Amino acid sequence: MGKLYDMLKKDVRYQEALKACINCGTCSAICPAASFYCYDPLEIMEIVQSQNETQLEELLKSDKIWYCGECLSCSTRCPRGNTPGLLIMALRKLSQDTGLFVESEKGRQQLALKRAIGDNIVRTGYCIYIDTMKPERHPESGPVYEWIYNNRDEVMKRMGANYKGDGPGPMRNIPQETLDEIKKIFDLSGGTELFENIEKYSEQKAKEMGLQFDETTDCEYFNEIFTKTTKKHTL
Amino acid sequence: MIIEGKQRIWADYQKEIADDHYFYVRSCIRQNFFPASEVTFWKIIRDYVHKDIFENEHHSSCSGIGYHSDVVPFTTTQAVVARQFALMTENGYKNLTSSCITSFGVYSEVLETWKNFPEELERTRDILYKATKREFEVPENVAHTSDLIFKYRNQINDMAKYRLVNVKTGEPLNGVEHIGCHYAKMFPSKGVGGAEHPYVLAGMIESWGGRVVDYPERRACCGFGFRQYFVQANRGYSVACTKRKFESMEPYKPDFILTNCPGCPYFLDRWQYVIAEMEGKTYGENGYGIPVLTYEELAGLVLGIDPWDLGLQMHQVSVEPLLDKMGISYDPVKKYLGVDNKNIGQPTCPSVLKV
Ligand code: SF4
Ligand code: SF4
Ligand code: SF4
Ligand code: SF4
């Protein structure tokens, strides 16, 4: 066993997720990601169970750990009470802690998720917030969403929401002192550190790839990771 | 004897849902996409079934979408959740009700972890205290908001103005339901009916006069997949999973789809638009889609609340075919008006999907 394994074992989710796997393949049969991507949860279980440090490192650098949709359907069906999806979550954390996530196309997308969702939580207190969900980034949301977004003050009022208001109610502003508490929680629990790691390793990678990088969601690197697929990932 | 045995077996699928006094925690997804569903939920719990429910303005997102997008560490999520518990405790509540399936799954996961790893609980208490000077008790009961509507479904039926029955034929309407993965797949005992026999939505449909269709892909994921939807390059995964569900339910000619998670109705609604535009395929009758409803919207319709007060104009798939079948009267002119009938324009029409 080596350093990466030692780190992985500290994650409670690893301990919850993997008891002896009997390689029965039930998880792979039920897995929605396995029917779309070149992905097999059983393979992940096998590699991790083998405790081979080199193979683990390869896994952390690969696209394989980024295909899972975290639906946790595998949890219900495993005869041994394992949860491949939960193990994936522990592997993704380790891949980001060690910077290995930038070595794969799907892994690099973490920067987009950090900037879109992570930053929202600390800035607004919500993961998802209408103001930051622009229709041009979400053409699938249809013309009705464009209408909602462009008229959000009026539509939210019509729905009885408290959009940008004080006090309780849907869409209210979360008070600054609450946001300060959330920020402190992130600082003390490793949340801020993970954000900083994602930014740091992504910036290094952008340099290596020769792509322009800044803190916006419009720089070359962001657009590359958010929209492009350069290799075949699907079946 | 046999009945006793059966009762024992089914006891595993029951879930205890607190009777009153709920501390409410919000879903970011629902408030953005289905704000009127949240408003309706409050109306039903307070004004129709007369229960005490309370919101503290200092509560926040549970961080669940960030957690499942792997940009928020588990330790952080535990502390964010603990902060919600602290607000609950400070306000004298013991029962928590959460309005998002992802969030409900996160609360369940955190509580299970604390049972199995007491050191995680201790560490969380420590972080929360250092960050906020707050302390907390764990809730005695955690219910998803749909559990409450399920619990009061028969009371709602007693007050019903409309039922899930085709007014022209007198036949029950066909409903397909989608439970949402994180409701019970990870912790089956936390959901009504467990993972095998999901009953939380089916119970509502039956109580309100409809017929539940058991389609093959009933338990399959809607394909949200967090990073699979949020990152544009991955969205093919999302639409492919949802399409598989549509294909599976189509032969049963559902009159509506009922959903549990505030994310799922969004995807099941919007992907019908996308599939229509991409492939010219529609799943409802005469070029329409299959109306997708949240359980609050369906309860609201049954109770006779105006469809435009329920926010049904925020859907891409028209709900009018369902309203017509149920015999609900509505004013089409008012659909897209703002407060005090203010004209705020209308969405443009999709090129394929009929609306
Ligand atoms: S279902 Fe469980 S035991 Fe079977 S291969 Fe998957 S993880 Fe291993
Ligand atoms: S959690 Fe991941 S591995 Fe498990 S079934 Fe879902 S997509 Fe597959
Ligand atoms: S899981 Fe639900 S409540 Fe929690 S952050 Fe997400 S949408 Fe919001
Ligand atoms: S069905 Fe979809 S949105 Fe709902 S819980 Fe599963 S992945 Fe989430």
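The values are calculated or read from the model by the stated rules, or taken from the named source; none is laboratory data. Bear in mind the structure is a predicted one, so any value in this text is a computation, not a measurement. Virtual Cβ from ideal backbone geometry, glycine too; neighbours counted across all protein chains shown. Heads up: the accessible areas ignore ligands, DNA and RNA and are worked out on the full protein's heavy atoms, side chains in. Shrake-Rupley method; radii C 1.70, N 1.55, O 1.52, S 1.80 Å.
What to note about this one:
- Residues in segment A:77-113 that are within 15 Å of ligand 1 (Cβ to nearest atom) and out of contact with any helix residue (DSSP H, G or I) (no Cβ under 7 Å at 6 or more places or on another chain): A:80, A:81.
- In this structure, residue B:225 does satisfy being small (Gly, Ala, Ser), near ligand 4 (Cβ under 10 Å from one of its atoms) and under 27 Å from residue A:86 (Cβ atoms).
- Taking segment A:199-222 as the range and being open to solvent by 30 Å² or more (accessible area, probe 1.4 Å) and outside any loop (DSSP other than H, G, I, E, B) as the test, the residues that pass are A:199, A:200, A:201, A:203, A:204, A:207, A:208, A:209, A:220.
- Residues located in segment A:171-198, provided they are among the charged types (D, E, K, R) and either surrounded by 17 or more Cβ atoms within 10 Å (Cβ to Cβ) or in contact with a Phe, Trp or Tyr (Cβ under 6 Å, 6 or more places away or on another chain) (or both): A:172, A:181, A:184
- Boolean, residue B:145 is buried (at least 24 other Cβ atoms within 10 Å of the Cβ), under 15 Å from the mean Cα position of the chain (by Cα) and within 16 Å of ligand 4 (Cβ to nearest atom): yes
Condition check ((1) out of contact with any strand residue (DSSP E or B) (no Cβ under 6 Å at 6 or more places or on another chain); (2) more than 9 Å from chain B (Cβ to nearest Cβ); (3) open to solvent by 70 Å² or more (accessible area, probe 1.4 Å); (4) in contact (Cβ under 8 Å) with a residue 60 or more places away in the chain) across all residues:
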| position | (1), (2), (3), (4) |
| --- | --- |
| A:44 | yes, yes, no, no |
| A:53 | yes, yes, no, no |
| A:59 | yes, yes, no, no |
| A:62 | yes, yes, no, no |
| A:68 | yes, no, no, no |
| A:71 | yes, no, no, no |
| A:74 | yes, no, no, no |
| A:80 | yes, yes, yes, yes |
| A:84 | yes, yes, no, yes |
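- Looking only at residues in segment B:83-109 that are more than 23 Å from the chain's Cα centre (by Cα) and not in a loop (DSSP other than H, G, I, E, B), the one that is farthest from ligand 2 (Cβ to nearest atom) is B:90.
- Residues that are open to solvent by less than 70 Å² (accessible area, probe 1.4 Å), within 9 Å of another protein chain (Cβ to nearest Cβ) and assigned to a helix (DSSP H, G or I), drawn from segment B:120-142: B:120, B:124, B:127, B:128, B:131, B:132
- Within segment B:233-279, tally of residues that are of a type in the set (A, V, I, L, M, F, W, C) and more than 8 Å from chain A (Cβ to nearest Cβ): 12
- Hits in segment B:263-301 (condition: assigned to a loop (DSSP other than H, G, I, E, B) and in contact (Cβ under 8 Å) with a residue 12 or more places away in the chain): B:280, B:282, B:283, B:284, B:285, B:286, B:287, B:288, B:289, B:290, B:291
- Listed by first and then second residue, the pairs with beta-carbon distance under 8 Å, at least 6 apart or on different chains, first residue in segment A:1-29 and within 14 Å of another protein chain (Cβ to nearest Cβ), second in a loop (DSSP other than H, G, I, E, B) and of a type outside the set (S, T, N, Q), are A:12/B:117; A:15/B:117; A:19/A:80; A:19/A:81; A:26/A:78; A:26/A:79; A:27/A:78.
- Verdict on residue B:147 being modelled with pLDDT of 95 or more and under 20 Å from residue B:18 (Cβ atoms): yes
- Cβ-Cβ under 8 Å pairs, at least 6 apart or on other chains, segment A:201-228 side farther than 20 Å from residue A:100 by Cα and more than 12 Å from chain B (Cβ to nearest Cβ), far side open to solvent by less than 60 Å² (accessible area, probe 1.4 Å) and of a type in the set (Phe, Trp, Tyr): A:212/A:221; A:216/A:222; A:219/A:213; A:220/A:213
- Residue ID - nearest to residue A:19 (Cα to Cα), chosen from residues in segment A:40-85 that are under 17 Å from the mean Cα position of the chain (by Cα) and near ligand 2 (Cβ under 8 Å from one of its atoms): A:84
- Considered as a group, the residues in segment B:158-200 that are charged (D, E, K, R) and within 16 Å of ligand 3 (Cβ to nearest atom) include one that is surrounded by the most Cβ atoms within 10 Å (Cβ to Cβ), and that residue is B:185.
- If you check A:141, A:104, A:95 for being polar (S, T, N, Q), without any contact (Cβ under 8 Å) to a residue 24 or more places away in the chain and open to solvent by less than 10 Å² (accessible area, probe 1.4 Å), only one passes: A:141.
- Single unsatisfied condition, residue B:23 versus (1) touching a Ser or Thr at 6+ places or on another chain (Cβ under 8 Å); (2) at pLDDT 95 or above; (3) in a loop (DSSP other than H, G, I, E, B): (3)
- Set B:338, B:345: member being more than 25 Å from the chain's Cα centre (by Cα) and open to solvent by less than 20 Å² (accessible area, probe 1.4 Å): B:338
- Residue in segment B:73-82 that is within 15 Å of the chain's Cα centre (by Cα) and β-branched (Val, Ile, Thr) present: no
- Neighbours by Cβ (under 8 Å, 6+ apart or cross-chain): first from segment B:219-242, surrounded by fewer than 22 Cβ atoms within 10 Å (Cβ to Cβ); second aromatic (Phe, Trp, Tyr): B:232/A:226; B:233/A:226; B:235/B:229; B:236/A:36; B:239/B:271; B:240/A:36
- Residue in segment B:43-60 that is least open to solvent (accessible area, probe 1.4 Å), counting only those that are closer than 19 Å to residue B:143 by Cβ and within 16 Å of ligand 3 (Cβ to nearest atom): B:59
- In this structure, residue A:37 qualifies as within 14 Å of chain B (Cβ to nearest Cβ) and either open to solvent by 30 Å² or more (accessible area, probe 1.4 Å) or within 16 Å of ligand 4 (Cβ to nearest atom) (or both).
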